[in-house]
Amino acid sequence: MNASWKHLLDQCLDGDRLTAEELAALKEALRAPENRQEAAAQAHFHEALARHVSPPAAALPASRRRLLAKVGLREQRLLHAGARASARRARRLWTAVAVAGATATSLLIAIIAVTVGGGGPEQITLTGDAEVFRNGKWIGRENIRRGDAVIAGGDGAALQLGGYCQLRLEPGCELVVAGSRRDEHVHLRRGSLTNKITPGVGRYVCGVPLGIVRVVGAEFTVRVDVPPKAEGEEAMKRFARIVVMVAAGTVGYDIAGETGQLSAGDGRAFAAPPRGQREESSANTTTGVVEKVTDLSVQIENKNGHQVFMADRANKTALLDLGALVRDDQITVTWEEEFGKKWIMKIEGRGAIRGKVTDKGEQWIEVTPGPNSAGEIMPQKLGPKWVGGMPRDGGGPDKEIVRKIQETPIGATVELTWELAERKRVVGIDVIEE
Amino acid sequence: MSTNIPTHSPEARAKPSPPDAQDSPLSPRERAFRKLVDAHYETLWSYASFLTRNRHATEDVTHQAFLIAFDRIAAGRAPTGDSGRWLRGVARNLVKRWWRERRKLAQDVVDALGEVLDAADHAATQVQQVELNHALAVCLDKLKAEDRRLISLRYADGRRITAIAEQSYQNAATLRVRLHRLRNALRKCVEKRTAGGTPA
């Protein structure tokens, strides 16, 4: 028993989950002063070992830059507040000389504070040539609210948020309004957006496909170009381009793994693959069973509960994978988090379907399995796996599988083994009953 | 087949990187803050990583601790004395909150662990740390290849026990006990060396 609390402490420091009884036992053991001393020595050694063997985190330089950028913005805010405090002191001095004038000034300041700071309802105003969409449906231009997507027409549009963010949408600009009062966010999907932010009222963040631009008080333009896919070009080779130009004030950016600040007159361009096609070094993976799937999302269930993963429209491979998934498929999703959502980078899956062959072609086979966990019967169409690389190198559908598909009669009961590669690919066919 | 464990003792690590190229002239408080970051960022990150075992939480805790330090510098109350120890104390308090909120540990358990970690933080001087690292390097070298591999997977690769167990088709509980014994053996070896004063 004496040794077991040490094991429990090790587990706890390893981040393992302990049961309530184990935690109670550990807590009880740590009451004794001699055990506490031993526990401290053990924790100290544990940490020394971890520090000695762990490599410096690859994310460290970028993380350090992010911290310095945060502090840079905090410093700007302090300077700003300092300037305002000086102005207030000057006003107080002036007040002593001319009381009546000061009263008028205070009154004016109060009026401005109420008008700009606002205690009233949320202010989102859209003017000009633009259409608003909610959950993919056109809703006109009235009653715009957070979560809605705005697409500017040929004459461009103007959007005002919270009384302190004036946004100019150039023709073709597409964005989503998010955030909350005094913490305004927009997600710029494409096009050019000029942002004029009144300082000292609230926060403003402009999200772009590769990161964010954060502002205290400034005027700046962000442009996102996602070039259309050229014929024959692979989706993976298309890079989103983002340009940030600052007209006044300072903005902090965290885009495409780079973090820093831009001051008035500065401009910077960024390029990286769009979301879902980036390096997987910072990615997470989740394995589970498909519960629900749509064109742009999949909900999976595992021992941690239910989780929803979104696919970016630019990630064509993920969209094709989603199109092939059905309820009860076992998959592993590699994802990254952005704007509070989990975005799919890739989906891997493997499984087997047992059912009757209900249709087939030269290079595909349709199998109808029994009812799934929701009681639905869903026929599934699968093709052979592609092997051998590019067609010019002799690549093509797996000949062995093609032959087996041709040999299998409609009506036979089969078990197909599949792998996910843009759609479900047959890697094995067992005929159970002809 | 031997598996080498790369070692990363603080003294072996590279010096802090030079200031970022795009930096504009810094204010005195920013200069003071940068000095603090240069001196302690990596060690605090490592400490937060040890306590949370979660990359995102590690960055959150590290950033919050440094931002608290910046606020104190800005208020003219910069941490005095051993600023590294002060930062670790701040990080511990932040991690305790994280344990309560994210790991759902009860307050009394968090307090008990917090006391242990407070005491652990005062367990060694810098000279003893250097000796400890030296002895660790020697003792790790004496491990069997499979044990070195387990340590490497756990710490160098940062994998969880359940993930290692899954990958190696072993029982996670067995692996936990093995790792626990391995750490005990390493600790005894290190204590013998540091107490005997015969580092390799």
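Observations, loosely collected:
- For the segment B:143-154, counting C-beta atoms of other chains within 10 Å of every residue's C-beta and taking the mean gives 1.
- Take each residue of peptide B:110-116, count the partner chain Cβ atoms within 10 Å of its Cβ, and average: the result is 6.
- Neighbour net charge for B:Phe66 - beta-carbon separation under 14 angstrom, K R +1, D E -1: +3
- Cα gyration tensor, region A:284-433 - rounded (a/c under 1.5), prolate or oblate: oblate
- Scanning residues 5 or more positions from A:Gly156 or on other chains, those with amide H under 5 Å from its amide H are A:Asp129, A:Gly172, with H placed 1.01 Å from N in the peptide plane.
- Residue-count net charge about A:Ala43 - beta-carbon cut-off 12 Å; Lys, Arg +1, Asp, Glu -1: -2
- Top positive-direction residue, dipole computed over region A:284-433 with Cβ charges, set A:Gly389, A:Leu416, A:Val333: A:Gly389
- Ranking B:His134, B:Leu186, B:Leu153 by Cα position along the charge dipole of region B:126-196, where only Lys, Arg, Asp and Glu carry charges on their C-beta atoms, puts B:Leu186 farthest toward the positive end.
- Around the Cα centre of region A:12-60, unit charges on the Cβ atoms of Lys, Arg, Asp and Glu (plus for the first two, minus for the last two) sum to a dipole of about 180 debye.
- Cβ-placed point charges (K, R +1; D, E -1), dipole of region B:126-196 about Cα centre in debye, nearest 20: 200
- Nearest-20 debye value, region A:150-210 charge dipole, Cβ charges on Lys, Arg, Asp, Glu: 180
- Region B:42-200 shape via C-alpha gyration tensor axes, a/c threshold 1.5: oblate
- Summarising the label geometry, the points placed 7 Å from Cα in the beta-carbon direction at A:Arg145 and B:Thr162 lie 3.8 nm from one another.
- Straightening the chain between A:Lys292 and A:Leu79 buys 71.6 nm, computed as 0.36 nm per residue apart minus the Cα-Cα spacing.
Taken together, the values in this text are just the output of simple stated rules run on the coordinates, not laboratory data. A quick note: this is a predicted structure, and the numbers were derived from the prediction, not measured. So basically every Cβ, Gly included, is an ideal-geometry build from the backbone, and we count neighbours across all protein chains shown.
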